[in-house]
Amino acid sequence: MLFFSTEKLGISLSKDCFDIIKYNLWLQGTCEELNMGGLEDAGGTKSGNPTITSVMVVIAMEAEALPSVETLKLVEDDQSSVFPKGAPWKKYSGKMDSGLVVHIVVPGKDKILGVDSVGTVPSSLLTYAAGVALQPDLIINAGTAGAFQAKGATIGDVYIATEFAHHDRRIPIPVFDKYGIGTMEAIPMDALIKDLKLKHGKLSTGNSLDMTVQDEEHIKANDATVKDMEGAAVAYVADLLAIPMISLKAVTDIVDGTKPTVEEFLENMSTAASALSRTVPLVLEYVFGRTVSELHYG
Ligand code: SAH
């Protein structure tokens, strides 16, 4: 553990800042104490690369998560040791017959309004805290999304994201403009995509379900096939934690179609959630025992 004097470093930290650092250290300590990583540590290495033996799946909405929780026979467990006290976040865990340890984490219901905590902020915080605590070999962000029929998408398709970007972070100052878009390439997964016959395309993330004219311009500039409200944020956090990440999105609505997004989303939510609950186990089975570099042909 690293101890330092802020005076010697010539910086001053606010109490909030200290609380965050303390929480972080506490989180790591708690996990070590509880040996939470121990469950996951069954795997070995192949040519020095770690094989995937534990996966954390981040899902924004409970209705998207519960069919997968049921299919995988995961059990909701006490998250008080992993998450901040009072947080609405939920964690479902289990060990597959193969030996793969799986955690599904959801940001839960907004404490005041009672709806799912969708969007970039809750999913980033959840990915960070749960990622630090559980130290998974792989993070999967699974959920629903809008998609463009002009790019070949249809309702119920499940897409793997090949690239992430934001479409609502407009900062028209040189270099900051690129930072705002935050383009990030996904890890190469051509073998996984081909073997499981999944669709693939670029994903653009923003904090709105609808799409303004300006959003549309940016989504097109991002060359996106799929549009969601969490993917690029989860990819950012996974990169920060140096944990490989896959995004799996089932299409609920056609963004460039004729039906209103909200109506189409609600109509197709259960179709997309069951498509996800069929695909998530296939991906989990595929990645188990492989190294990240074995997900592509190289
Ligand atoms: N009316 C819904 C709100 C869902 S918000 C409710 O019952 O609470 C939309 C969620 O689905 C987000 O997590 C987002 O990632 C995903 N999503 C589905 N279609 C989308 C679209 N067209 N644009 C952006 N996000 C979409």
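Taking only pairs six or more apart or across chains, which ones have beta-carbon atoms under 6 Å, a first residue in the range 250-268 that is farther than 15 Å from Thr212 by Cβ, and a second residue that is among the hydroxyl-bearing types (Ser, Thr, Tyr) and within 10 Å of the ligand (Cβ to nearest atom)?
Close Cβ pairs (under 6 Å, with a partner that is among the hydroxyl-bearing types (Ser, Thr, Tyr) and within 10 Å of the ligand (Cβ to nearest atom)) amount to Ala250/Thr144; Thr252/Thr144; Asp253/Thr261; Phe265/Thr252; Asn268/Thr252.
If Asp228 passes every condition in (1) acidic (Asp, Glu); (2) over 14 Å from the mean Cα position of the chain (by Cα); (3) closer than 15 Å to Asn141 by Cβ but one, which one does it miss?
Going through the list (1) acidic (Asp, Glu); (2) over 14 Å from the mean Cα position of the chain (by Cα); (3) closer than 15 Å to Asn141 by Cβ, Asp228 breaks only (2).
Counting just the residues of the range 149-173 that are open to solvent by less than 50 Å² (accessible area, probe 1.4 Å) and over 21 Å from Thr120 (Cβ atoms), which one comes out nearest to the ligand (Cβ to nearest atom)?
Among residues in the range 149-173 that are open to solvent by less than 50 Å² (accessible area, probe 1.4 Å) and over 21 Å from Thr120 (Cβ atoms), the one nearest to the ligand (Cβ to nearest atom) is Ala153.
Would the range 139-146 turn up any residue that is in a loop (DSSP other than H, G, I, E, B) and at pLDDT 95 or above?
Scanning the range 139-146 turns up no residue that is in a loop (DSSP other than H, G, I, E, B) and at pLDDT 95 or above.
Which residue pairs have Cβ atoms under 9 Å apart, sit 6 or more places apart or on different chains, and have a first residue in the range 270-283 that is surrounded by 20 or more Cβ atoms within 10 Å (Cβ to Cβ) and a second that is basic (Lys, Arg)?
Ala272/Lys249; Leu276/Lys249
Being assigned to a loop (DSSP other than H, G, I, E, B), in contact (Cβ under 8 Å) with a residue 60 or more places away in the chain and more than 16 Å from the ligand (Cβ to nearest atom) is the filter here; which residues of the range 74-120 pass it?
Pro84, Met96, Ser98, Gly99, Leu100
Among the residues that make up the range 184-192, is at least one of them at pLDDT 95 or above, assigned to a strand (DSSP E or B) and more than 30 Å from Lys90 (Cβ to Cβ)?
Within the range 184-192 (the criterion being at pLDDT 95 or above, assigned to a strand (DSSP E or B) and more than 30 Å from Lys90 (Cβ to Cβ)), the answer is yes, since at least one residue qualifies.
Could you list, in sequence order, the residues of the range 238-266 that are modelled with pLDDT of 95 or more and open to solvent by 60 Å² or more (accessible area, probe 1.4 Å)?
Answer for the range 238-266, where residues must be modelled with pLDDT of 95 or more and open to solvent by 60 Å² or more (accessible area, probe 1.4 Å): Asp239, Leu240, Ala242.
Looking at (1) in a helix (DSSP H, G or I); (2) more than 19 Å from Thr144 (Cβ to Cβ); (3) more than 18 Å from the chain's Cα centre (by Cα); (4) in contact (Cβ under 8 Å) with a residue 60 or more places away in the chain, can you tell me which one Ala238 breaks?
Against the list (1) in a helix (DSSP H, G or I); (2) more than 19 Å from Thr144 (Cβ to Cβ); (3) more than 18 Å from the chain's Cα centre (by Cα); (4) in contact (Cβ under 8 Å) with a residue 60 or more places away in the chain, Ala238 comes up short only on (3).
Evaluate the following for Glu294: is it surrounded by 15 or more Cβ atoms within 10 Å (Cβ to Cβ) and away from the ligand (no atom under 14 Å from the Cβ)?
Yes, satisfied.
What are the residues in the range 172-183 that are closer than 24 Å to Ile139 by Cα and in a helix (DSSP H, G or I), if any?
Across the range 172-183, the qualifying residues are Tyr179, Gly180, Ile181.
Taking only the range 232-271 into account, find how many residues are under 20 Å from Leu295 (Cα atoms) and within 9 Å of the ligand (Cβ to nearest atom).
Of the residues in that region, 1 qualify.
Can you tell me which residues in the range 197-231 are part of a helix (DSSP H, G or I) and either open to solvent by 70 Å² or more (accessible area, probe 1.4 Å) or near the ligand (Cβ under 10 Å from one of its atoms) (or both)?
Val213, Gln214, Asp215, Glu217, Ile219, Lys220, Ala221, Gly231
Can you work out which of the residues in the range 182-193 that are in contact (Cβ under 8 Å) with a residue 60 or more places away in the chain and surrounded by fewer than 16 Cβ atoms within 10 Å (Cβ to Cβ) is farthest from Tyr286 (Cα to Cα)?
Checking each candidate, the answer is Pro188.
So which residues in the range 121-135 are under 17 Å from Val280 (Cβ atoms) and open to solvent by 10 Å² or more (accessible area, probe 1.4 Å)?
Result: no residue meets the conditions.
The values are calculated or read from the model by the stated rules, or taken from the named source; none is laboratory data. Quick caveat: nothing in here was measured; it's all calculated off a predicted structure. As a convention, Cβ positions derive from the backbone with ideal geometry for all residues, glycine included, and neighbour counts pool all protein chains shown. Surface accessibility is based on the protein's heavy atoms, side chains included, excluding ligands, DNA and RNA. Shrake-Rupley method; radii C 1.70, N 1.55, O 1.52, S 1.80 Å.
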